[in-house]
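Have a look at the structure below, then the notes.
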Amino acid sequence: MYNERENAENVIRKVFSLPGNFHILVVEDHSPDGTADIVKRLQTEFPDTLHLIERNGKLGLGTAYIAGFHWALQHGYGYIFEMDADFSHNPDDLLRLYEACAGGADVAIGSRYSCGISVVNWPLSRVLISYFASKYVRFITRMKIQDTTAGFVCYRQRVLQTICLDAIRMKGYGFQVEMKYNACKLGFRVVEIPIIFIDRKAGASKMSGGIFSEAFTGVLKLHFRKIKPQPDSTSE
(Lines give C-alpha, C1' and ligand atoms only; values in the text may rest on other atoms or scores of the structure.)
Protein backbone atom coordinates (compact mmCIF):
# COMPACT_ATOMS: atom_id res chain seq x y z
CA MET A 1 0.00 0.00 0.00
CA TYR A 2 1.06 3.57 -0.69
CA ASN A 3 -1.27 6.47 0.12
CA GLU A 4 -4.35 4.26 0.47
CA ARG A 5 -6.01 5.76 3.55
CA GLU A 6 -9.35 5.95 1.71
CA ASN A 7 -9.30 2.21 0.95
CA ALA A 8 -7.13 0.50 3.56
CA GLU A 9 -9.68 -0.23 6.28
CA ASN A 10 -12.49 -1.15 3.91
CA VAL A 11 -10.44 -3.61 1.87
CA ILE A 12 -8.98 -5.23 4.98
CA ARG A 13 -12.41 -5.69 6.55
CA LYS A 14 -13.79 -7.05 3.30
CA VAL A 15 -11.10 -9.72 3.00
CA PHE A 16 -11.59 -10.77 6.62
CA SER A 17 -15.33 -11.12 5.99
CA LEU A 18 -14.71 -13.86 3.42
CA PRO A 19 -14.87 -17.57 4.25
CA GLY A 20 -11.56 -19.39 4.17
CA ASN A 21 -9.49 -17.92 7.02
CA PHE A 22 -7.48 -15.45 4.96
CA HIS A 23 -4.50 -13.68 6.51
CA ILE A 24 -3.34 -10.30 5.22
CA LEU A 25 0.16 -8.89 4.91
CA VAL A 26 0.34 -5.18 4.11
CA VAL A 27 3.63 -3.96 2.66
CA GLU A 28 3.53 -0.24 3.44
CA ASP A 29 5.95 2.15 1.77
CA HIS A 30 6.03 5.00 4.32
CA SER A 31 2.88 6.68 3.00
CA PRO A 32 2.67 10.34 4.04
CA ASP A 33 -1.14 10.08 4.32
CA GLY A 34 -1.05 7.85 7.42
CA THR A 35 -1.99 4.53 5.80
CA ALA A 36 0.31 2.63 8.18
CA ASP A 37 -1.44 4.13 11.22
CA ILE A 38 -4.77 2.76 9.99
CA VAL A 39 -3.27 -0.71 9.58
CA LYS A 40 -1.69 -0.58 13.04
CA ARG A 41 -5.02 0.38 14.60
CA LEU A 42 -6.70 -2.55 12.89
CA GLN A 43 -3.96 -4.90 14.10
CA THR A 44 -5.32 -4.48 17.63
CA GLU A 45 -8.60 -5.92 16.34
CA PHE A 46 -6.99 -8.63 14.18
CA PRO A 47 -3.74 -9.39 16.03
CA ASP A 48 -3.15 -12.86 14.59
CA THR A 49 -4.25 -12.37 11.00
CA LEU A 50 -3.24 -8.83 9.99
CA HIS A 51 0.47 -8.29 9.48
CA LEU A 52 2.51 -5.26 8.44
CA ILE A 53 5.89 -4.64 6.86
CA GLU A 54 6.87 -0.97 6.97
CA ARG A 55 9.54 0.17 4.56
CA ASN A 56 11.48 3.43 4.53
CA GLY A 57 10.15 4.84 1.28
CA LYS A 58 8.45 4.19 -2.03
CA LEU A 59 10.75 1.43 -3.25
CA GLY A 60 8.69 0.02 -6.11
CA LEU A 61 5.91 -2.45 -6.70
CA GLY A 62 8.18 -5.38 -7.49
CA THR A 63 10.37 -5.04 -4.41
CA ALA A 64 7.25 -4.76 -2.24
CA TYR A 65 5.86 -8.02 -3.58
CA ILE A 66 9.21 -9.80 -3.27
CA ALA A 67 9.45 -8.69 0.37
CA GLY A 68 5.93 -9.99 0.91
CA PHE A 69 6.65 -13.29 -0.83
CA HIS A 70 9.76 -13.89 1.29
CA TRP A 71 7.75 -13.16 4.45
CA ALA A 72 4.95 -15.52 3.41
CA LEU A 73 7.39 -18.34 2.64
CA GLN A 74 9.19 -17.85 5.95
CA HIS A 75 5.85 -18.17 7.73
CA GLY A 76 4.81 -21.31 5.88
CA TYR A 77 1.78 -20.17 3.88
CA GLY A 78 0.72 -22.71 1.24
CA TYR A 79 -1.20 -20.29 -1.01
CA ILE A 80 0.06 -16.75 -1.48
CA PHE A 81 -1.93 -14.01 -3.21
CA GLU A 82 -1.06 -10.60 -4.56
CA MET A 83 -3.74 -7.97 -5.08
CA ASP A 84 -4.25 -4.22 -5.20
CA ALA A 85 -5.72 -2.50 -2.17
CA ASP A 86 -8.03 -0.11 -4.02
CA PHE A 87 -10.96 -2.47 -4.88
CA SER A 88 -10.02 -2.61 -8.55
CA HIS A 89 -9.52 -6.28 -7.70
CA ASN A 90 -12.73 -7.62 -6.17
CA PRO A 91 -11.80 -9.41 -2.92
CA ASP A 92 -14.59 -11.93 -3.57
CA ASP A 93 -12.49 -13.28 -6.44
CA LEU A 94 -9.82 -14.40 -3.97
CA LEU A 95 -11.97 -17.48 -3.41
CA ARG A 96 -12.07 -18.29 -7.13
CA LEU A 97 -8.29 -17.96 -7.46
CA TYR A 98 -7.79 -20.19 -4.43
CA GLU A 99 -10.17 -22.82 -5.79
CA ALA A 100 -8.25 -22.90 -9.08
CA CYS A 101 -4.94 -23.55 -7.31
CA ALA A 102 -6.44 -25.98 -4.81
CA GLY A 103 -7.90 -27.79 -7.82
CA GLY A 104 -4.54 -28.36 -9.50
CA ALA A 105 -3.18 -25.10 -10.93
CA ASP A 106 0.15 -23.76 -9.70
CA VAL A 107 -0.61 -20.14 -10.59
CA ALA A 108 -4.09 -18.63 -10.99
CA ILE A 109 -4.35 -15.21 -12.65
CA GLY A 110 -7.33 -12.91 -12.24
CA SER A 111 -7.56 -12.09 -15.93
CA ARG A 112 -9.07 -8.99 -17.52
CA TYR A 113 -8.63 -10.28 -21.06
CA SER A 114 -9.27 -14.04 -21.10
CA CYS A 115 -12.93 -13.46 -22.11
CA GLY A 116 -12.74 -10.32 -24.21
CA ILE A 117 -12.01 -7.07 -22.33
CA SER A 118 -13.48 -6.91 -18.81
CA VAL A 119 -12.43 -3.47 -17.59
CA VAL A 120 -14.83 -0.90 -16.14
CA ASN A 121 -14.33 2.88 -15.79
CA TRP A 122 -10.95 3.10 -17.49
CA PRO A 123 -10.58 5.67 -20.27
CA LEU A 124 -10.36 4.02 -23.67
CA SER A 125 -6.74 5.11 -24.08
CA ARG A 126 -5.68 3.26 -20.95
CA VAL A 127 -7.63 0.13 -21.90
CA LEU A 128 -5.92 0.08 -25.28
CA ILE A 129 -2.46 0.60 -23.77
CA SER A 130 -3.00 -2.25 -21.30
CA TYR A 131 -4.56 -4.61 -23.83
CA PHE A 132 -1.92 -4.12 -26.51
CA ALA A 133 0.85 -4.26 -23.91
CA SER A 134 -0.30 -7.80 -23.12
CA LYS A 135 -0.36 -8.65 -26.83
CA TYR A 136 3.18 -7.26 -27.18
CA VAL A 137 4.37 -9.38 -24.25
CA ARG A 138 2.77 -12.51 -25.74
CA PHE A 139 4.45 -11.83 -29.08
CA ILE A 140 7.91 -11.39 -27.55
CA THR A 141 7.80 -14.11 -24.88
CA ARG A 142 5.47 -16.63 -26.57
CA MET A 143 3.54 -17.01 -23.33
CA LYS A 144 -0.03 -18.20 -23.88
CA ILE A 145 -1.43 -15.85 -21.26
CA GLN A 146 -3.98 -13.23 -22.25
CA ASP A 147 -3.41 -10.87 -19.30
CA THR A 148 0.36 -10.88 -18.89
CA THR A 149 0.44 -7.69 -16.80
CA ALA A 150 -2.28 -8.76 -14.33
CA GLY A 151 -1.58 -7.98 -10.68
CA PHE A 152 -4.23 -10.24 -9.10
CA VAL A 153 -2.60 -13.65 -8.72
CA CYS A 154 -2.55 -16.72 -6.48
CA TYR A 155 0.67 -18.74 -6.25
CA ARG A 156 1.13 -22.12 -4.69
CA GLN A 157 3.98 -22.12 -2.21
CA ARG A 158 6.21 -24.30 -4.37
CA VAL A 159 6.14 -21.78 -7.23
CA LEU A 160 7.60 -18.99 -5.11
CA GLN A 161 10.08 -21.43 -3.57
CA THR A 162 11.30 -22.40 -7.03
CA ILE A 163 11.50 -18.97 -8.67
CA CYS A 164 14.70 -17.16 -7.74
CA LEU A 165 12.91 -14.12 -6.35
CA ASP A 166 16.02 -12.07 -5.72
CA ALA A 167 16.96 -12.41 -9.41
CA ILE A 168 13.74 -10.71 -10.56
CA ARG A 169 14.96 -7.51 -12.18
CA MET A 170 11.93 -5.42 -13.09
CA LYS A 171 10.52 -3.31 -10.27
CA GLY A 172 7.41 -1.70 -11.77
CA TYR A 173 4.57 -3.38 -13.66
CA GLY A 174 7.11 -5.35 -15.67
CA PHE A 175 7.53 -7.35 -12.47
CA GLN A 176 4.16 -8.97 -13.17
CA VAL A 177 5.33 -10.11 -16.59
CA GLU A 178 8.65 -11.40 -15.28
CA MET A 179 7.01 -13.49 -12.55
CA LYS A 180 4.62 -15.13 -15.04
CA TYR A 181 7.45 -15.74 -17.50
CA ASN A 182 9.49 -17.46 -14.80
CA ALA A 183 6.55 -19.63 -13.76
CA CYS A 184 5.90 -20.71 -17.36
CA LYS A 185 9.56 -21.40 -18.15
CA LEU A 186 9.92 -23.50 -15.00
CA GLY A 187 7.05 -25.70 -16.11
CA PHE A 188 4.31 -24.66 -13.69
CA ARG A 189 0.66 -24.87 -14.67
CA VAL A 190 -0.69 -21.34 -15.10
CA VAL A 191 -4.42 -20.72 -15.56
CA GLU A 192 -6.49 -17.58 -16.09
CA ILE A 193 -9.70 -16.94 -14.17
CA PRO A 194 -11.90 -14.25 -15.78
CA ILE A 195 -12.55 -11.25 -13.55
CA ILE A 196 -14.12 -7.83 -13.97
CA PHE A 197 -11.57 -5.12 -13.22
CA ILE A 198 -13.15 -1.91 -11.91
CA ASP A 199 -11.02 1.22 -11.71
CA ARG A 200 -10.51 2.66 -8.24
CA LYS A 201 -13.15 5.00 -6.85
CA ALA A 202 -10.95 6.50 -4.12
CA GLY A 203 -7.32 7.52 -4.01
CA ALA A 204 -4.89 8.17 -6.86
CA SER A 205 -3.38 5.77 -9.38
CA LYS A 206 0.35 5.03 -9.10
CA MET A 207 0.83 4.53 -12.86
CA SER A 208 3.60 6.47 -14.61
CA GLY A 209 5.37 6.65 -17.94
CA GLY A 210 8.52 5.21 -16.39
CA ILE A 211 6.65 2.07 -15.39
CA PHE A 212 5.61 1.44 -19.00
CA SER A 213 9.10 2.22 -20.30
CA GLU A 214 10.72 -0.31 -17.95
CA ALA A 215 8.19 -2.97 -18.89
CA PHE A 216 8.69 -2.39 -22.64
CA THR A 217 12.47 -2.70 -22.58
CA GLY A 218 12.57 -5.36 -19.87
CA VAL A 219 10.34 -7.71 -21.85
CA LEU A 220 12.75 -7.58 -24.79
CA LYS A 221 15.55 -8.74 -22.51
CA LEU A 222 13.45 -11.53 -20.99
CA HIS A 223 13.41 -13.43 -24.26
CA PHE A 224 17.20 -13.87 -24.11
CA ARG A 225 17.45 -14.80 -20.44
CA LYS A 226 17.94 -18.33 -19.14
CA ILE A 227 15.51 -19.06 -16.33
CA LYS A 228 16.87 -21.37 -13.64
CA PRO A 229 15.17 -22.58 -10.46
CA GLN A 230 16.20 -21.38 -7.04
CA PRO A 231 19.04 -23.63 -5.79
CA ASP A 232 17.82 -26.17 -3.22
CA SER A 233 14.18 -25.21 -3.82
CA THR A 234 11.70 -27.49 -2.07
CA SER A 235 8.07 -28.31 -2.70
CA GLU A 236 5.26 -27.66 -0.23
Practice prompt. Can you work out which of the residues in the stretch 122-144 that are hydrophobic (A, V, I, L, M, F, W, C) and part of a loop (DSSP other than H, G, I, E, B) is nearest to His89 (Cα to Cα)?
Written response: Trp122
Worksheet entry | Subset of the stretch 147-162 that is out of contact with any Leu (no Cβ under 7 Å at 6 or more places or on another chain) and of a type in the set (A, V, I, L, M, F, W, C) - its residue that is farthest from Ile117 (Cα to Cα) | Val159
Item to complete: Scan the stretch 1-51 residue by residue and report those that are aromatic (Phe, Trp, Tyr) and surrounded by fewer than 18 Cβ atoms within 10 Å (Cβ to Cβ).
Response: Phe16, Phe22, Phe46
Discussion item. Residues to consider are Ile109, Ile80, Ile53; find the one that is out of contact with any helix residue (DSSP H, G or I) (no Cβ under 7 Å at 6 or more places or on another chain), modelled with pLDDT of 95 or more and hydrophobic (A, V, I, L, M, F, W, C).
Written reply: Ile109
Worksheet item: Say we look at the stretch 70-109 and pick out the residues that are among the hydroxyl-bearing types (Ser, Thr, Tyr) and within 19 Å of Asp147 (Cα to Cα); which of these is nearest to the chain's Cα centre (by Cα)?
Response: Ser88
Discussion item. Within the stretch 8-17, does at least one residue satisfy the condition of being within 23 Å of Glu99 (Cα to Cα), in contact with an Asp or Glu (Cβ under 6 Å, 6 or more places away or on another chain) and not in a loop (DSSP other than H, G, I, E, B)?
Written reply: no
Worksheet item: Yes or no: Ala72 buried (at least 16 other Cβ atoms within 10 Å of the Cβ), more than 26 Å from Ile198 (Cα to Cα) and either touching a residue at least 24 places away in the same chain (Cβ under 8 Å) or touching a His at 6+ places or on another chain (Cβ under 6 Å) (or both)?
Response: yes
Item to complete: Could you tell me whether Ala183 is at pLDDT 85 or above, hydrophobic (A, V, I, L, M, F, W, C) and part of a helix (DSSP H, G or I)?
Response: yes
Worksheet item: For the stretch 24-69, which residues satisfy the criterion of being under 13 Å from the mean Cα position of the chain (by Cα) and either among the acidic types (Asp, Glu) or not in a loop (DSSP other than H, G, I, E, B) (or both)?
Response: Leu25, Val26, Val27, Leu61, Gly62, Thr63, Ala64, Tyr65, Ile66, Ala67, Gly68, Phe69
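The values are calculated or read from the model by the stated rules, or taken from the named source; none is laboratory data. Because the structure is predicted, anything quoted here is derived from the model rather than measured. Every residue, glycine among them, receives a Cβ derived from its backbone with ideal geometry; neighbour counts consider all protein chains shown.
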